[in-house]
1. Where in the stretch 126-240 are there strands (runs of 3 or more DSSP E), lying fully within it, with 1 or more residues that are free of Cβ contacts under 8 Å to residues at least 24 places away in the same chain and open to solvent by 60 Å² or more (accessible area, probe 1.4 Å)?
2. Please find, within the stretch 66-93, the residue that is farthest from Gln110 (Cα to Cα) out of those that are modelled with pLDDT of 80 or more and either in contact with a Ser or Thr (Cβ under 7 Å, 6 or more places away or on another chain) or crowded, with 18+ Cβ neighbours inside 10 Å (or both).
3. Would you point out which residue out of Ala33, Ala40, Ala23 is out of contact with any Ser or Thr (no Cβ under 7 Å at 6 or more places or on another chain) and buried (at least 19 other Cβ atoms within 10 Å of the Cβ)?
4. Kindly indicate which of Asp45, Asp50, Asp56 is open to solvent by 70 Å² or more (accessible area, probe 1.4 Å), among the acidic types (Asp, Glu) and under 21 Å from the mean Cα position of the chain (by Cα).
5. Under 6 Å between Cβ atoms, which residue pairs at least 6 apart in sequence (or on different chains) link something in the stretch 1-25 that is in contact (Cβ under 8 Å) with a residue 12 or more places away in the chain with a partner that is assigned to a loop (DSSP other than H, G, I, E, B) and open to solvent by 70 Å² or more (accessible area, probe 1.4 Å)?
Amino acid sequence: MDDEALARSRLKSLLADCTAPGALVVGEAANVAQALQCVAQQAVDVVLADIHMPGDDGLALAQRLRALPQPPAVVFVTAYTEHALDAFELEALDYLTKPVRLERLQASLQKVERYTQVNKGLEPDFANEFLVIQERGRTERLPLSEVLYLKAELKYITVRTAGRSYILEGSLNDLEGRHSSRFLRVHRNALVARQAVRSLERCNDPVEGDGWALRLDRVSEPLFVSRRQLAAVRALVEAR
């Protein structure tokens, strides 16, 4: 949904170039009423919507869609970044800024595919487990399933995935309390993804001296294990 025909045309061209997954455009809309009519007439997996529009805007559309028995995913496509937090509070799946790059749109469609599989019962329901990362004027919804470890450093938390690191403001204790089934504390400053644990080995910790370090899949750096957490970590390694 976009009130500018040229913007809709460019987005359709980008969607035509998407693969793995591909995209089939089943309709387009210049306003909220047209978008709701399109969704009512056929099954739709995702609605790509601009935010700033005359009359009802994209945020209003997202609110209306949430009331449906089986709402489609919503991805906002906008030239503005200031509404990102409002968008994610409405459970938007992603937030793309114009001009949209093909690789960024492709990544968004992959999120839509995972979301759709969850709704169809093909995957565990982790759809609401994510971190909102804000950096360099960009906001990204990062699935917790991609996070390998969280490490507190000064006032921030380093969020490590297989591909890169992010910086997050917040409390490690709060994250542990909300996601203890997914992450295990291995040190006073670190949580690791239980599913990423590979091995436990002897090491020389510069702070605690002779000790233990944990190796994770898809990252090269070890994480030191405190003596207090060693028993829990060893039990997890032995259970895998």
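1. Working: elements: 130-135, 138-143, 147-153, 156-161, 165-169, 183-187, 190-193, 197-205, 209-216, 223-225.
Because the criterion is at least 1 residues that are free of Cβ contacts under 8 Å to residues at least 24 places away in the same chain and open to solvent by 60 Å² or more (accessible area, probe 1.4 Å), the strands (runs of 3 or more DSSP E) in the stretch 126-240 that meet it are 156-161, 165-169, 197-205, 209-216.
2. Ala79
3. Values: Ala33 fails: buried (at least 19 other Cβ atoms within 10 Å of the Cβ); Ala40 fails: buried (at least 19 other Cβ atoms within 10 Å of the Cβ).
Residue meeting the stated conditions: Ala23.
4. Details: Asp50 fails: open to solvent by 70 Å² or more (accessible area, probe 1.4 Å); Asp56 fails: under 21 Å from the mean Cα position of the chain (by Cα).
It is Asp45.
5. Arg8/Glu28
The values are calculated or read from the model by the stated rules, or taken from the named source; none is laboratory data. Only a predicted model underlies this, so the values are computations on that prediction, with no experimental measurement involved. So basically every Cβ, Gly included, is an ideal-geometry build from the backbone, and we count neighbours across all protein chains shown. For the accessible areas, the whole protein counts, side chains as well, though only heavy atoms, and no ligand, DNA or RNA atoms are used. Shrake-Rupley method; radii C 1.70, N 1.55, O 1.52, S 1.80 Å.
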